[in-house]
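Report on one structure; see the data block that follows.
The values are calculated or read from the model by the stated rules, or taken from the named source; none is laboratory data. Everything numeric in this text was worked out from a predicted model, so none of it was measured. Cβ: placed from backbone, ideal geometry, glycine included. Neighbour counts: every protein chain shown.
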Amino acid sequence: MASAAPVELPQFKGRPGWEFTDISGLDLAAYEPVTEAEAADPIETLFSVGQRSAYPDGVIVAPIEEAPPELLGSVVAADDLFTLLNNSAEYRAGSFVYVPRGVVLEEPISLQTVHPRDGGLLHQRTLIVLEEGAQAEVWEQYLSAGVEQNGVLNVVTELVVGDNARLRYVSGQNLSEQSWIFGAQRAEVGRDAGLDWVALGFGSTNGRVRMETKLAGEGAEARVTGAYASHSRQHIDFDTTQEHAAPNTTSDLAFRGVLQGRSTAVWKGNIIVDPGAQKTDAFQDSRNLLISKRAHADAIPGLEIQANDVRCTHAAAVAQVDPEQLFYLRSRGLREDIAKRLVIEGFLSALVERFEAGPVRERLGEALERRLALILGD
């Protein structure tokens with residue numbers, strides 16, 4: 001029997017952060033909570049990363065129920081309906097990853113959550129902890145078991161990057177386009193530590209994902225890269241925060257979206273510089289390419305600066321495919337559809353090129369290429 005939500009859903013245009021995402025059509029009480037692990041195969045994976053069967057001594061890759069209770073909730077506060085529901089869920093899918101002090105993992109860790117069935121509410125939680133001097137790469141993806149599956153995925157992700165540690169975290173969702181997704185994801189980065197965070201948003205019909213990065217220690221740095229590609233009537237909503245809480249910290253955020261059909265997207269980003277966080281260097285950039293006249297995107301950058309010796313800049317743009325670029329390519333004998341595809345690929349290549357040549361660039365490029373083929377009808 002489905003359980004009613006204990007708190008009201010946030011109201012469209014009635015609560016800060018939800019001004020652009022209308023979820024009044026979601027009857028959360030109609031979805032049956034998933035209460036135990038259910039085996040399910042995904043319809044399609046976003047990327048393939050080989051999973052190791054053994055790790056160095058002290059490394060833990062385990063189900064989320066094995067995470068130390070005192071660490072859960074230490075990064076993401078239970079401050080809205082969805083995080084409260086996740087905290088109190090009888091069952092949560094997800095993983096706990098722990099890398100001890102000084103341990104360097106040469107191979108990536110692969111995590112995967114598959115929403116098992118129609119009409120289900122699945123709570124998912126991930127906790128990744130890197131101790132001082134540790135290094136790791138984690139790839140995580142959220143998938144559905146059916147093409148027409150109507151379900152709700154409620155994600156909470158906590159990343160703890162210790163002093164002088166390095167984490168690359170790639171998180172992607174390719175849910176059924178009948179599904180809803182809600183996410184609260186937050187990272188805390190220690191002194192002289194580094195976080196490289198990648199987010200891909202391809203599936204779902206509607207929802208909202210918060211991505212928050214706190215540069216908590218002096219000398220911390222973070223690079224956040226996001227991509228989404230939507231079509232039909234999909235709605236994508238990313239709300240990002242780069243909080244500089246210590247001096248001499250650096251953050252660089254770049255999001256790019258491609259929108260087809262009558263799909264809509266919103267990116268709302270905020271750079272926060274706390275008092276005393278001098279010598280902050282922060283940048284954010286959001287660009288959207290509309291390949292349909294009915295598609296719509298909002299890009300909303302913001303700054304909250306409480307220190308006087310900083311460099312904080314932002315850029316945002318929403319545009320149609322440039323007709324001059326199309327004309328140039330067509331004048332060289334290319335068909336219109338091929339010319340358009342080349343313009344779109346060039347638009348997204350700036351994201352892929354943020355990464356060094358190798359497996360990361362290759363897998364991200366392949367994922368974007370497959371998604372473009374779908375939304376362009378190739």
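Observations
- The residue list 213, 264 contains one member that is of a type outside the set (Lys, Arg), buried (at least 20 other Cβ atoms within 10 Å of the Cβ) and out of contact with any His (no Cβ under 9 Å at 6 or more places or on another chain), which is 213.
- With respect to the conditions (1) surrounded by 21 or more Cβ atoms within 10 Å (Cβ to Cβ); (2) under 16 Å from residue 152 (Cα atoms), residue 178 lacks only one, and its number is (1).
- Within the stretch 199-247, considering residues that are in a strand (DSSP E or B) and among the polar types (S, T, N, Q), the one farthest from residue 291 (Cα to Cα): 213
- Restricting attention to the stretch 48-84, the residues that are without any contact (Cβ under 8 Å) to a residue 12 or more places away in the chain and either under 16 Å from residue 154 (Cα atoms) or surrounded by 14 or more Cβ atoms within 10 Å (Cβ to Cβ) (or both) add up to 3.
- Contact map, the stretch 86-101: first residue part of a loop (DSSP other than H, G, I, E, B), second residue surrounded by 16 or more Cβ atoms within 10 Å (Cβ to Cβ) and of a type in the set (A, V, I, L, M), Cβ cut-off under 7 Å, separation 6 or more or different chains; pairs are 91/34; 92/64; 100/59; 100/134; 101/134.
- Breaking point among (1) small (Gly, Ala, Ser); (2) out of contact with any Lys or Arg (no Cβ under 9 Å at 6 or more places or on another chain); (3) not in a loop (DSSP other than H, G, I, E, B), for residue 339: (2)
- When residues of the stretch 309-328 are limited to those that are crowded, with 17+ Cβ neighbours inside 10 Å and under 18 Å from residue 270 (Cβ atoms), the one farthest from the chain's Cα centre (by Cα): 310
- Yes/no for residue 78 being among the small types (Gly, Ala, Ser), over 18 Å from the mean Cα position of the chain (by Cα) and modelled with pLDDT of 95 or more: no
- Of everything in the stretch 287-308 that is within 26 Å of residue 345 (Cβ to Cβ) and touching a Phe, Trp or Tyr at 6+ places or on another chain (Cβ under 9 Å), the residue that is surrounded by the fewest Cβ atoms within 10 Å (Cβ to Cβ) is 298.
- Residues being in a strand (DSSP E or B) and modelled with pLDDT under 95 - total across the stretch 274-314: 0
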